1. Which ones in the stretch 22-48 are among the charged types (D, E, K, R), modelled with pLDDT of 90 or more and closer than 19 Å to Tyr78 by Cβ?
2. Out of all the residues in the stretch 27-45, is one or more assigned to a loop (DSSP other than H, G, I, E, B), closer than 18 Å to Ala82 by Cα and touching a residue at least 40 places away in the same chain (Cβ under 8 Å)?
3. State which residue is modelled with the lowest pLDDT when the search covers only the stretch 79-95 and only residues that are within 17 Å of Asn22 (Cα to Cα) and out of contact with any Leu (no Cβ under 6 Å at 6 or more places or on another chain).
4. Could you list, in sequence order, all residues of the stretch 56-71 that are surrounded by fewer than 19 Cβ atoms within 10 Å (Cβ to Cβ) and closer than 12 Å to Ala29 by Cα?
5. For the stretch 23-45, what are the residues that are touching a Lys or Arg at 6+ places or on another chain (Cβ under 9 Å) and among the β-branched types (Val, Ile, Thr)?
6. For the condition exposed (fewer than 15 other Cβ atoms within 10 Å of the Cβ), at pLDDT 90 or above and assigned to a strand (DSSP E or B), what is the one hit in Ser51, Ser19?
Amino acid sequence: MLHSFEYGTYTDSPLVMDSLGNIFGTTSAGGTNGYGRIFELSPSGRNWIYSELYDFTGSKDGGTPLGGLVLDSTGNLYGTAAHLWIELLQLRRCL
């Protein structure tokens, strides 16, 4: 198991991995506002570090992300949320 989510929060969409081995995904519920979140799991030796990248508000950004994420060649993540096509987050890897 890489990570255990809090009660009522789960991921049921495909995960995506970047060239550095970081895994990105969404939860369709939970998060600060209850409308889902975008998360990252980063490898660290034999462990994984969980990071919360974005919490949906259920407002203009939609909520309940659907269908997983798409990662483009420059590190941007795209996806959909209920009733909206949205650009979820611009991620630039700064290592």
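The values are calculated or read from the model by the stated rules, or taken from the named source; none is laboratory data. Worth saying up front: this structure is predicted, and the values here are computed from it rather than measured. Glycine also receives a Cβ, built like all others from the backbone with ideal geometry; neighbour counts cover every protein chain displayed.
1. Result: Glu40, single match.
2. yes
3. Going through the qualifying residues, I end up with Leu95.
4. Selection gives Thr57, Gly58, Thr64, Leu66.
5. Thr26, Thr27
6. Ser51
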